[in-house]
């Protein structure tokens, strides 16, 4: 733990104008969001184009997705994370956040899912969670979904966006899932089609927060290729797994990307933010 803190402090000090304040979290909280129309606070949102899926609470619990009356400590942790992330994003007029980690198995996708759920509980914005881990799409598995079309189908011109978007039965939350692995992921992530897609997702609804679940930084160049399209990154670390070298190498690769915060996952200590 201490070595990660020291590495974070060193990396933050070396970043010019950096704002990588670490935030600790464990599990998350549920939420909701719309995609086909402006947000309608305090009312029920109708999904006329987006497909609505029915979730199995038992599956969500098994996957540690914080939905309904889930673990209260986890819900509180993600509520704290949500508040800090939203404050930093909205104060700068940002609405596109990428979530990544140094290596596979650090918990970035679960963090993306639970943070999106927590944000969707806020009545002031809707949330769109996009699975940009094109090499290993897994957001749909956390929700127990088996999508017929995925983001890869859209990028290849095989499906319209309306056939890819899914509302997982949670108000104010919409998913753009992946379906099967794509080999040319970094090329797709830096393609004009991707640029047009991200611009559409960011600007269509002013009050929408868009979360992108990206591949690990040290596993491929996908996160770096996608960096120009997002406003900021949230870096997920796993306590007892990531080394100081992992963190320093990650921060060097992402040195030009705004990092809004760092999440320490699977910590055995009492959950609380540290700065």
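Overview of values
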{"item": "For segment 66-201, diffusion coefficient by Stokes-Einstein and Kirkwood Rh (Cα), 20 °C, 1.002 mPa s, µm²/s", "result": "136"}
{"item": "Ranking of 190, 162 by count of other Cβ atoms within 10 Å, fewest first", "result": "162, 190"}
{"item": "Chain lengthening between residue 138 and residue 255 when straightened (0.36 nm per residue, less Cα-Cα)", "result": "39.4 nm"}
{"item": "Approximate spin-label separation residue 193-residue 92, in nm, with each point projected 7 Å along Cα-to-Cβ", "result": "3.0"}
{"item": "Rounded to whole Å, sorted largest first: equivalent-ellipsoid semi-axes of segment 200-268, Cα gyration tensor", "result": "25, 15, 10"}
{"item": "Highest-first arrangement of 206-217, 176-187, where packing means the average Cβ count within 10 Å", "result": "206-217, 176-187"}
{"item": "In nm, spacing of pseudo-spin labels at residue 58 and residue 219 (7 Å Cα→C-beta vector)", "result": "2.9"}
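Coordinate-derived values only; no laboratory data. Predicted model only: the values in this text are computed from it and were never measured. Note that we place each Cβ from the backbone using ideal geometry, even for glycine, and neighbour counts take in every protein chain shown.
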